[in-house]
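Student: Quick one: structure below, then a few questions.
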Amino acid sequence: MSTPTPAHAGSDVHAGRGPTRVVVLISGGGSNLAALLEAATDPGYGATVVAVGADRPGCAGLDIARAAGIPTFVERLGDHPDRDTWDAALTHAVAEHSPDLVISAGFLKLVGARFLAQFGGRYLNTHNALLPAFPGIHGPREALAYGVKLAGATLFVVDEGVDTGVIIAQCAVPVLDDDTEESLTERIKVAERAQLVEYTGRLARHPWRVEGRRFVIDR
């Protein structure tokens, strides 16, 4: 899934069809979602959030979406007999909104083969470490334990692996001598959110493509 078709490489995202349609997937409070919604109020941003999906009904981010008049949906893993069935239902729910891009903004579930077959190459995720270092759910903790001087965040194209997809962008966050896991995580979140907003807009406004492990945005 690391080399998308030309359609996934941004060629039809900028074909005069109006703003790039984005579906955002969440599992929590929706701070990244709120930042994307705020950015999208600028007509020059180039992207619009057309739906928000979650894997649990009580997400505060769903309330943010509803307050903004954005359609929402919930696909709970426990409501399905197995992960494949859940993956098929999630794929169908997202596809109903005809997105150009799908963004995982704190979505805590790994999607399956059906979802990637439908949206591979245009499903983006953000991770709180400088990949390929420290993949998984404890990036800041492991960065501190290793003693690195720079932590950060990575925006990447999701593939079949765990945090192994082609890297779109990275931002560095210095590690301070008195940092705790909590303080470092919070500073990374601020940089991560700004990067997500910036590059979602860039991908909406400019053609882009994947060449092997390189993600290229044409200016």
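Student: Considering every residue within the range 163-172, establish whether at least one is open to solvent by 50 Å² or more (accessible area, probe 1.4 Å), closer than 21 Å to Tyr199 by Cα and either in a helix (DSSP H, G or I) or in contact with a Gly (Cβ under 7 Å, 6 or more places away or on another chain) (or both).
Tutor: yes
Student: Scan the range 80-108 for residues that are among the small types (Gly, Ala, Ser) and surrounded by 14 or more Cβ atoms within 10 Å (Cβ to Cβ) and jot them down.
Tutor: Matches in the range 80-108: Ala88, Ala89, Ala93, Ala95, Ser104, Ala105, Gly106.
Student: Now, a different point. Can you name the residue in the range 124-162 that is in a strand (DSSP E or B) and of a type outside the set (A, V, I, L, M) and, of all such residues, is farthest from Val94 (Cα to Cα)? Let's see the steps before the verdict.
Tutor: As a first pass, look at the range 124-162 and keep what is in a strand (DSSP E or B): 124-127, 150-157.
Those still in the list that are of a type outside the set (A, V, I, L, M) too: 125-127, 152, 154, 156.
Details: Asn125: 15, Thr126: 19, His127: 22, Gly152: 29, Thr154: 24, Phe156: 19 Å.
Filtering first and then ranking leaves Gly152.
Student: Among the residues that make up the range 64-79, is at least one of them modelled with pLDDT of 95 or more, within 21 Å of Val162 (Cα to Cα) and of a type in the set (Val, Ile, Thr)?
Tutor: No - not one qualifying residue is present in the range 64-79.
Student: Give the residue that is farthest from Ile103 (Cα to Cα), with candidates limited to residues of the range 31-69 that are in a loop (DSSP other than H, G, I, E, B) and open to solvent by less than 10 Å² (accessible area, probe 1.4 Å).
Tutor: If we filter the range 31-69 for residues that are in a loop (DSSP other than H, G, I, E, B), which is where we start, we get 40-46, 55-59, 68-69.
Adding the requirement that they be open to solvent by less than 10 Å² (accessible area, probe 1.4 Å) leaves 55, 59.
Numbers: Asp55: 14, Cys59: 16 Å.
Among them, the one singled out is Cys59.
Student: Quick one: is Val111 assigned to a loop (DSSP other than H, G, I, E, B), β-branched (Val, Ile, Thr) and either out of contact with any strand residue (DSSP E or B) (no Cβ under 8 Å at 6 or more places or on another chain) or open to solvent by less than 30 Å² (accessible area, probe 1.4 Å) (or both)?
Tutor: Values: assigned to a loop (DSSP other than H, G, I, E, B): yes; β-branched (Val, Ile, Thr): yes; either out of contact with any strand residue (DSSP E or B) (no Cβ under 8 Å at 6 or more places or on another chain) or open to solvent by less than 30 Å² (accessible area, probe 1.4 Å) (or both): yes.
When the stated conditions are applied, Val111 passes them.
Student: Take the residues in the range 1-30 that are open to solvent by 80 Å² or more (accessible area, probe 1.4 Å) and touching a Leu at 6+ places or on another chain (Cβ under 8 Å); name whichever of them is modelled with the highest pLDDT.
Tutor: Residue satisfying both the conditions and the ranking: Arg21.
The values are calculated or read from the model by the stated rules, or taken from the named source; none is laboratory data. Predicted model only: the values in this text are computed from it and were never measured. Every residue, glycine as well, gets a Cβ built from its backbone with ideal geometry; the counts of neighbours run over all protein chains shown. When the accessible area is computed, the model is the full protein with side chains, heavy atoms only, and any ligands, DNA or RNA have been set aside. Shrake-Rupley method; radii C 1.70, N 1.55, O 1.52, S 1.80 Å.
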